[in-house]
Each structure stands twice: as C-alpha cells, then as structure tokens.
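Here the structure is laid out as structure tokens; the discussion comes afterwards.
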Amino acid sequence: MTERKAGSPEMETLRERAWEVLAANDRGRFTVPTAPLYPHQWMWDSAWIALGWAERDEARAWTEIESLLSAQWPSGMLPHIVFHQKEKTYFPGPDVWQSGVEPPTSGITQPPVAATAVRRLYVNAEDRALAERKARELWPKLLAYHRWLYEARDPGGTGLVAILHPWESGMDNSPVWDEALARVPIRADALPQPQGRAGPVRRDVRHVDAAERPTDDDYRRYMSLVAQFREAGYDSKRLHSESPFCVADAGFNALFHRANLDLLALGAELNLDAGELEAAAGRTEKAFESLWSEEAGVYLSWDRRAESLIPVAAVSGLLPLFAGIPSAERAARMAAAIEEWGRSVRWLAPSTAPTDRRFDPRRYWRGPVWVVVNWLLWQGLRRYGFDELARRVREDTFELVMREGFREYYHPHEGTGLGGRNFSWSAALLLHWTGRGKDA
Ligand code: GLC
C-alpha cells in the first residue's frame, strides 16, 4: 500500500473536504457532530473538533472548548450534550433530561478528554499569549471536573471511576455493556414508541439504517436509566449507589488517566497547583493491574454491581496504550491482539474483537471502525514503538476516508461508510493528524 503523504495533492483535496465539513457543522461558538442526526454540542466530539479548528483558526478552537465548559454544573460535572440552541428534533432533548441548568444539558458525562485537548492546543499554539490566557482560564474548571469524577464516581477510592450509563463511555452499544445493561429494568414510561403512536419516539433511526444503530431494547434501557437519574435529581451520591448500571470502563479510565497526566503537565507549565490530583492519578494507574487479561491481550472493564470482570475484548481495552499504562511486555501482547484482529478484517481497527460472538460489522460500536479510535490507537502504538502496525492503522483510516468520505464509522470487512455523513470529528481529526498532530 502506498503511503498517503501529507502535502500530496490527494491529501490536500481531502483536507479541503474536511474544512467543508467543519464549516457546514459550525454553529458559531460550537460545532455539531453532524446534522441532522446530532444537532447539538457533544462533549468528547467537541474536544477533538477543537484540534481540527486549531489548524486554521486558534481562536475558534479555544471558543469550542469554552462553549463546552460554559455548561459545567456547579458540582464540577461536564455534561455529555449541551443544548445551546432551541431545536426540537433531537431525542432525548432538554424536556426529557430536565437538568434545570442554563444552557440546558444532559445529566450524564462522557469520556473526559477535554484536558488532553486543551494541553495539546496549548503546546501547539502559535499565538502564545492567547494560549496562555485561555489555558489559565480553563485549567481550574478542568481540575474541578476531574475532582468531581473522583468524588462522584469513585466514592470507595478504588482508583477507577465508574460510568453509570453506556452513553458515558462514548461507545454506546459496545457488547461490553450487554450484561450490565440487561439488568436494567425497563420502565413502561421510557418506551420509545413506533412512529405514529403516542409517547417518545426514537429519532436516530429516521436518519440512519436501523441495522447500524442500537436495538430498541437497548434504547428502552438507556431511557429507563435517564428517567431514574432525573427522578433522583441528578444527585451524584445517589446515582452512584442506586444506578443498576455501574461499570469501571477500561476505555473511560484510560482516557481519564491520560487527561490527568495532561492536566498535571499543563499545571506545571503554568505554575498552578493540582493538590491531591497527582496521588489520585497514581492510584488510577495502579488499579489497571486488576483489569488486565493476558488471554485476551486487552484490558477488561469491571462491573461494580456484579463485582466481576466483563469478559469481552473490545477496542476500549486497547486505549490504555494511549495513556502509557501497560508495561512494554503487555503493550507487545496488545499489539499482537491488534494484529490478530487485523487478520480477520480488512480494515483496522474493529471496535469489538472479530472473534467475539457479539461482533457485528455494521452495528455502531459492535464492530465498525471509528476514526477517533484509530487516531488514539495510532498514538498508543507509536508510543511503544510498534511503528509498522501504527502505520497500518493510519493508512487504513486515511484510505477509508478517501474512499467513503467523513462518515461516522466504517464496515471493517467491506470498507463501506456507515452511520452519519459529514461527521465533524472524523474531519477534524484528519486535519489534526495530517497537520500539527502528524508527529504526535
Ligand atoms: C454517538 C457516539 C458518541 C458520540 C456521539 C456524537 O452517541 O456513540 O461517542 O459522542 O454519537 O457523535
């Protein structure tokens, strides 16, 4: 396979197309992931989207993050969706969440990658004065968020923080959640009704083929959790002790650990004191010991309700590479696992091990390839010196995007684009990856 060189005419054309996607999804102070499927601001999308904006307009990149953090709750929580504008088509919207804050938001969080994005904006910035000012303003808010995560999601001090809803993982319908989600009782008032009938209606399947989205039963349980959290007034303590779904996700914790390190490093550069965060981050790193599976070659997630490891090999369990968590030996085992997966599929990296019986090459996080995941894996593999494999991950990604455009995800056997079109983070990360992030 020929390498896609940054600066080559085909790459320049692709970058131009990426700019068109960002421009179309730009809402002034924030960027929607894609219209009409996701017409608001999503947290981890926006953090990465900012890296794309920084390629052309650093001020706009900082604004993206500021908009996100402007929705921070008094507790420190950063919500996974911010509803900056009145828009009635998205479900579940503000009337379902009833979070009682302004701007309206959802009541759950998402992978805590904002500190990593901010540090990267800061380090790469050409406008140093602006970067210094913005980083100083944002840093205390990020610290408050990280403190909230430890307090609200790790009250027992285990070092690992829990997600209370599959949406918090960012990998909504990964088979890793199946059993924990199956224990969530379905409430009669949370059923999405088919079109034309009374009651709340799923909107996602109007825009995207239902075979590429979570099933209706999954959706009923997602909505049952939302109803429960709403009725508990989003009280963090109650939510952690009462939610039937409570999982220490290997992917979320790996991204959190990396974000802790980035926040600490940025604090050191700006001469700001992070207090107890360093010790807490040390505990998180150690706690990964309990999640390792030599057999699967990935880290597993821990079900805090069942008190057991979840035996599903998924791409979330490879993200600790990005955070520098595994030893060199374990990283080699993980690289071998990726190579194994790569022998079963044409395109790396499938979101679930292709050997798992729940692997589904079309359905969202159960098999398809995602640009964001590949970009994180590429960095992790390079960090440990697996340059050949890293190159394949990058080339596969660039090739998919070139063939199919900036889609939400891609079929790992056929390479066809799936889910939403003109997807912001796919475009933004391509811009960053072929721009300032090319040596990251
Ligand atoms: C889906 C994805 C999630 C993403 C969101 C917006 O819910 O699972 O990770 O943030 O779409 O793109």
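No value in this document is a laboratory result; all are computed from the given coordinates. The structure displayed is predicted, hence computed values, not measured ones. As a convention, Cβ positions derive from the backbone with ideal geometry for all residues, glycine included, and neighbour counts pool all protein chains shown.
From the square roots a ≥ b ≥ c of the eigenvalues of the alpha-carbon gyration tensor of the chain, which class results: rounded (a/c under 1.5), prolate (a/b over b/c), or oblate? Rounded. Share of pairwise Cα-Cα distances greater than 25 Å in region 197-316 is 48 percent (whole percent).
Residue by residue, region 113-128 carries 3J(HN,Hα) couplings of 9, 4, 5, 5, 5, 5, 4, 5, 4, 5, 5, 7, 4, 8, 7, 5 Hz when phi is fed to the Karplus relation 6.51 cos²θ - 1.76 cosθ + 1.60 (θ = phi - 60°); x denotes Gly or Pro. Counting only aspartates and glutamates at least 8 places from LYS86 when in the same chain, those with an alpha carbon closer than 17 Å to its own are ASP26, ASP95, GLU102. If you take all other residues with their beta carbon under 10 Å from the beta carbon of LYS134, and give Lys and Arg +1 and Asp and Glu -1, the sum is -3.
For GluC sites (Glu not before Pro), the sites in region 296-374 that DSSP calls loop and that have at most 16 other Cβ atoms within 10 Å are GLU307. Within the same chain, lysines fewer than 8 places from LYS286 are excluded, and of the rest, those with a Cα less than 29 Å from its Cα are LYS141, LYS237.
Converting phi to 3J(HN,Hα) with the Karplus coefficients 6.51, -1.76 and 1.60 and the offset θ = phi - 60°, region 345-360 yields 10, 7, 10, 7, 10, x, 6, 10, 4, x, 7, 6, 5, 8, 4, 9 Hz in sequence order, with x at every glycine or proline. A straight Cα-to-Cα reach below 21 Å connects LYS438 with the lysines LYS5, residues fewer than 8 places away in its own chain not being considered. The trypsin sites (Lys or Arg not before Pro) found in region 1-82 that occupy coil by DSSP, while having at most 16 further C-beta atoms within 10 Å, are LYS5, ARG27, ARG29, ARG56.
Loop-located GluC sites (Glu not before Pro) across region 382-440 with a Cβ neighbour count of 14 or fewer within 10 Å are GLU414, with loop assigned by DSSP. Amide H contacts for THR416 (H built 1.01 Å from N in the peptide plane; partners 5 or more residues away or on another chain; cut-off under 5 Å): HIS411. If you average the C-alpha positions of region 347-425 and of region 302-326 separately, how far apart do those two centres end up, in angstrom? After rounding, the separation between the Cα centres reads 19 Å. The phi torsions of region 242-249, fed into the Karplus equation with coefficients 6.51, -1.76 and 1.60 and a -60° offset, translate into couplings of 9, 4, x, 10, 8, 9, 8, 7 Hz, rounded to whole numbers, with Gly and Pro shown as x. Taking amide H as placed 1.01 Å from N in the peptide plane, the amide H of SER301 sits under 5 Å from that of ALA250, ILE310, VAL312, each at least 5 places away or on another chain.
Subtracting the Cα-Cα distance of ASP209 and ALA279 from their residue separation scaled by 0.36 nm leaves 20.6 nm.
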